[in-house]
1. If you stretched the chain out fully between ASP110 and VAL229, how much longer would it get, using 0.36 nm times the residue separation minus the C-alpha to C-alpha distance?
2. Can you work out the FRET efficiency for the pair ARG30 and ARG194, with r the C-beta to C-beta distance and R0 = 30 Å, to the nearest 0.05?
3. Name the residue, out of ALA165, ALA36, ALA129, whose mean-square fluctuation peaks in a Gaussian network model built on the chain with Cα pairs under 10 Å.
4. Ordered by packing density, taken as the mean number of other Cβ atoms within 10 Å over each peptide's residues, highest first, how do 22-30, 50-58 rank?
5. Order of 191-198, 211-218 by packing, highest average Cβ count within 10 Å first?
6. Quick one: Debye curve from the alpha-carbon atoms of the range 49-140 only, equal weights, vacuum; give me log10 I(q)/I(0) at q = 0.16, 0.25 Å⁻¹ to two decimals.
7. Given that compact globular proteins tend to follow 2.2 N^0.38 Å, what is the ratio of the alpha-carbon Rg of the range 191-230 to that value?
8. With contacts defined as alpha carbon pairs under 8 Å and 6 or more residues apart, what's the relative contact order of the chain in percent?
Amino acid sequence: MAEQTLSSREIASMIDISAVQTPHGEAEIRELVNVASQFGIGAVHVLPAWVTFARTLLADTPHIALGAPVGFPSGGNHTRIKYEEAQQVIADGVSEFDMMLNVGKLRSGDDDYVRTELQTVIQSVRVPAKVILETHYLNDDEIRRACQMGIETGAAYIKTSTGWADTGATFENVRLIRDCVQDRIGIKAAGGIRDLATLEAMYAMGVRRFGINVQAAIAIIQAARQRDVEHGS
């Protein structure tokens with residue numbers, strides 16, 4: 001287990017919270033922004049149609065990054081649709097986006113398709129792009145190939161999962177991704193991170209961004225703040 005050296009401020013700055021489920025609307029996005037502001041969270045992510053609304057709520061907190069998913073959650077959209085969606089969310093004001101890789105094409109061995117799609121979208125933008133693998137559905141070889149393609153096409157991060165599959169950021173998958181990417185691009189862990197110990201263990205493995213649901217994020221930051229008090233930091 002990782003040594004507990006991170007401050008609550010450092011931990012909060014690495015967390016992304018999101019409102020990207022089907023029923024999420026104005027109330028949930030307002031709550032999202034309020035929580036991010038109150039707890040010093042680094043980024044909020046909303047569905048594409050809500051980017052302009054979220055941007056207005058974040059007008060007084062420029063230190064909080066705004067992101068949105070592209071090709072979410074299945075990754076099965078046509079490349080052109082992903083390209084246009086990325087262009088649109090950037091025009092609407094995101095400072096980063098998380099793009100869902102085409103899992104079916106990868107599992108079918110069509111690496112040329114996957115690589116070309118990543119290149120088409122990622123190299124057309126000037127904001128950081130994170131590539132979501134959805135590791136629950138991939139074997140080790142597929143994860144390695146996807147990581148390599150992310151590196152080759154200029155992704156800023158490899159992200160474990162959407163958080164919608166049965167499993168997400170397992171220690172095994174994070175270790176495999178770390179061994180593949182090393183320090184060439186970042187790692188974002190998402191799906192199943194519920195406590196401070198897990199977050200810090202994954203930080204020790206090289207993860208620098210964490211996609212965490214709102215309630216778990218609050219609990220983790222509160223635990224870190226309590227530790228800050230106990231240690232006099």
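Just so you know, all these numbers are worked out from the coordinates, no wet-lab data involved. Everything numeric here is computed off the predicted structure, so don't read it as measured data. Here Cβ is always computed from backbone atoms with ideal geometry, including for glycine, and neighbour counts include all displayed protein chains.
1. Details: separation 119, 0.36 × 119 = 42.84 nm, distance 5.24 nm.
Using 0.36 nm per residue and subtracting the Cα-Cα distance, I get 37.6 nm.
2. On the way: r = 24 Å, r/R0 = 0.81.
The calculated FRET efficiency here is 0.80.
3. The residue with the greatest mean-square fluctuation here is ALA165.
4. Working: 22-30: 13.0, 50-58: 18.0.
Top of the packing list down: 50-58, 22-30.
5. On the way: 191-198: 18.2, 211-218: 20.4.
Answer by packing, highest mean first, reads 211-218, 191-198.
6. -0.64, -1.25
7. On the way: Rg = 10.1 Å, N = 40, 2.2 N^0.38 = 8.9 Å.
Normalised Rg, Cα atoms only: 1.13.
8. Details: 428 pairs, mean separation 46.6, N = 233.
Relative contact order here is 20 percent.
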